Amino acid sequence: MANQRVLTGITTSGTPHLGNYAGAIRPAVAASRQAGVESFYFLADYHALIKVQDPARVQQSTLEIAASWLACGLDPDKVWFYRQSDIPEIPELTWLLTCVAGKGLLNRAHAYKAAVDKNTAEGNDADAGITAGLFMYPVLMAADILLFGAHKVPVGRDQVQHIEMARDFGARFNHLYGKAYFTLPEAAIEESVATLPGLDGRKMSKSYDNTIALFADAATLKKQIMGLLTDSKAPGEPKDTEGSALFQLYQAFATPEQTAAMRKAFAEGIAWGDAKQQLFAVIDAEIAPMRERYNALMADPARIEAILQAGAAKARAIATPLLRELRHAVGLRNLGTALPSQSHASNEKPAVPVFKQYREKDGKFYFKLSHANGDVLLQSKGFDNPREAGAFLAKIKAEGKAAWHALKEVSELAELAEESHVLDALEALFQDAAEIG
Ligand code: TRP
């Protein structure tokens, strides 16, 4: 099997904190070391411009995030590590996708809708203060993903809708221009990954101002941890691990044995001050070697720049040929090349998959799904009457892939082509149906 491509973007709008480390950086670096995986990590600085319009902050954040990922062990020789704005094919593809993206679908994007709802609630014009950048955010993100043929995109729940939109735009483009130019990505929701609590016990997040910096010096780290909110139980009083931010943080950095020992210490009434000392010790043990690398990298931004430039060249080795093909596909062509003649043009017709119902010599009724090139993708079993066959067909047309999975189970359908081709065809058809409906 071909390698799985996994792709993630990191918006360069802040300074990495411990929550980013445990929730994103640490699992991603570990995943990038697995065999059979091609990992793409990039600094989403075009995305940053949607929310940050302070140039110094964009630059500083880009530097800090690049240094953090490298310090945490990302190996730029093994992965694709680049900066979004170094890849001109990304904005170029964004435009091609913009021209197939449904505006109605973008209207329903959560981030945009939330901004509209807020305006409406405050009695303002629905679009007051909303940039077209925020509105187009999902298209830019789709370009990030589709350009590199990512199979899997690890994201939080809030981003799942964006992956679905990327699938939608990719499928529309494939359908319209008659070839599977784009791999349709899937969201990989990281259920097991820790979301860390912050200093006040709520989820660690910049927007709550409760974060613990990832690479602050040890003294600052200690001071922040000593300020962690706890209940007011006195030393000697048994303490609950359930709902304790301190315990959750400890668990995210400790070995299972250490965690078990801490659980026991809670039951035995460890003093909060002592527990915090131990929390600082486990975190610092993991972070200290990385902090040293981080500081060395931050002291040499030119080295980071060189790593990113090399990363961009490696990424563009994939992006440039694809864009060339896509430009040709949509008709942005060298005028010196022959215009397809009428008869050729008909060969270039969008490959619309078709369902066909028919009767065989055995007297039974069948339906099949064929690719426009004639390849049969799906074949039903023989039905005794045409209405039965028609009902199945209607179900697939109405429910798309979901129905296909169900019908396959009861073996009313035989799948004759590669699963991905069947899925693409159903997706393309289903979208047409959804559009009409
Ligand atoms: N939108 C993502 C976030 O805010 C960042 C991002 C940009 C991204 N492009 C991407 C994530 C492509 C995954 C794939 O977290």
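None of the figures in this text is laboratory data; all of them are computed from the coordinates on show. Computed from a predicted structure; not experimentally measured. Cβ placement follows ideal geometry from the backbone for every residue including glycine, while neighbour counts extend to all protein chains displayed.
Laid out as a table, the results:
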| read-out | value |
| --- | --- |
| Shape category assigned to the range 194-334 from the gyration tensor of Cα positions, a/c cut at 1.5 | prolate |
| Cα gyration tensor of the chain - equivalent ellipsoid semi-axes, whole Å, descending | 48, 28, 21 |
| Which listed pairs, of K364/K401; K78/K408; K103/K152, have C-alpha distances above 28 Å, in listed order | K78/K408 |
| Shape call, the range 39-103: gyration tensor on alpha carbons, a/c limit 1.5 | oblate |
| Helix-derived mean residue ellipticity, 222 nm - over the chain, DSSP H n ≥ 4, -39500 (n - 2.57), to 500 | -16500 deg cm²/dmol |
| Cleavage-rule hits (GluC sites (Glu not before Pro)) in the range 91-172: DSSP loop, at most 13 neighbouring Cβ within 10 angstrom | E122 |
| Shape category assigned to the range 1-91 from the gyration tensor of Cα positions, a/c cut at 1.5 | oblate |
| Order by protection proxy (mean Cβ within 10 Å, highest first), peptides 58-66, 39-47, 352-360 | 39-47, 58-66, 352-360 |
| Counting all C-alpha pairs of the range 349-431, share separated by more than 16 Å (%) | 47 percent |
| Links that overshoot a 25 Å alpha carbon limit, given the list K356/K395; K239/K276; K206/K264; K113/K206 | K206/K264 |
| Centre separation in Å (Cα based) which lies between the range 69-124 and the range 312-331 | 19 Å |
